[in-house]
1. Can you run phi through the Karplus equation (6.51, -1.76, 1.60; θ = phi - 60°) for region 132-149 and list ³J(HN,Hα) in whole Hz, with x for Gly and Pro?
2. Add +1 for every Lys or Arg and -1 for every Asp or Glu among the other residues with Cβ under 10 Å from the Cβ of Leu114, and state the total.
3. Tell me whether region 42-100 comes out rounded, prolate or oblate; compute the Cα gyration tensor, take square roots of the eigenvalues as a ≥ b ≥ c, and use a/c under 1.5 as the rounded threshold.
4. Given a 10 angstrom Cα cut-off, can you work out which residue in Thr126, Thr36, Thr177 is the most mobile in a GNM of the chain?
5. Between Ser168 and Val60, what length comes free when the chain is fully extended (0.36 nm per residue of separation minus the Cα-Cα distance, one decimal in nm)?
6. Give a residue-ordered list of calculated ³J(HN,Hα) values for region 32-48 (Karplus: 6.51 cos²θ - 1.76 cosθ + 1.60, θ = phi - 60°; whole Hz; x for Gly, Pro).
7. For region 92-106, take each phi angle, set θ = phi - 60°, evaluate the Karplus expression 6.51 cos²θ - 1.76 cosθ + 1.60, and give the result in whole Hz per residue in order, putting x for glycine and proline.
8. With a Förster radius of 25 Å, plug the Cβ-Cβ distance of Val129 and Glu186 into 1/(1 + (r/R0)^6) and report the FRET value to the nearest 0.05.
Amino acid sequence: MALGSGYPALLGYYLGDGHISRAARYHALRVSCDATYPGIVADVQHLITAVRPHCRVFLVEAPGVVVVQAHWQHWPCLFPQHGPGRKHERPIVLEPWQEEAVCQAPGDFLRGLLHSDGARVRNWATRRVAGELKRYDYPRWQFSNRSEDILGLCCWALDLAGVAWRRSGPSTVSVSTRAGVARLDELVGPKT
């Protein structure tokens, strides 16, 4: 299947904060974005037009959110994970052609996931050194999702990108090593 270069990132956004709904003559792809990140809204708009050139993209604003929306009858073909119910209540498995697209651009896929359901935060810990309590402050990337399948896809993509990760909670994957955070900063970029 020939896809635009933005597909892996758009897949990540879809798995994080996207859904597809049926209308009379088309399907609507909707990706909900935090209104405080206009750069992410612009990224999703760009990715939709990279995957489907010349399509009209709509922005629907509500308090605290901007929904990026595009209509097309073939969105379910590009996102076969679409189905009834919530994503964490049904299996989410990539098709072989989707796996191939992610393998070619794991950083783009991670950008979509982390800019939708992730955060770059500052973590801190205290340690006693030579009898004195010292505080250490360091950056960390975290990805949270209630779907075990989507968490697994995030971990798989992190492995493809050579980024060390760990499960820091039942619904959270963390990247805390200096090298891992630097690599994700390079691949994903800041949330703007």
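Read-outs throughout are calculated quantities, based only on the coordinates presented, and are distinct from any laboratory measurement. As the structure is a prediction and not an experimental result, all values here were calculated from the model. In this analysis, Cβ positions are derived from the backbone assuming ideal geometry, glycine residues included, and neighbour counts consider all displayed protein chains.
1. After applying 6.51 cos²θ - 1.76 cosθ + 1.60, I find 10, 7, 10, 9, 10, 10, 8, x, 8, 9, 10, 10, 10, 7, 7, 8, 5, 5 Hz.
2. Details: positive: Arg111, Arg120, Lys191; negative: Asp117.
Net charge around Leu114: +2.
3. Numbers: a/c = 2.15, a/b = 1.30, b/c = 1.65.
Oblate shape, in that a/c is at least 1.5 and b/c is the bigger or equal ratio.
4. Looking only at Thr126, Thr36, Thr177, the largest GNM fluctuation is found for Thr126.
5. Details: separation 108, 0.36 × 108 = 38.88 nm, distance 3.46 nm.
So the chain would gain 35.4 nm between Ser168 and Val60.
6. Going residue by residue, I get 7, 10, 5, 5, 7, 10, x, x, 5, 4, 5, 4, 5, 4, 4, 5, 4 Hz, with x marking Gly and Pro.
7. Coupling constants for region 92-106: 10, 10, 7, 6, x, 5, 6, 4, 4, 4, 5, 4, 6, 8, x Hz.
8. Values: r = 31 Å, r/R0 = 1.24.
After rounding to 0.05, the efficiency reads 0.20.
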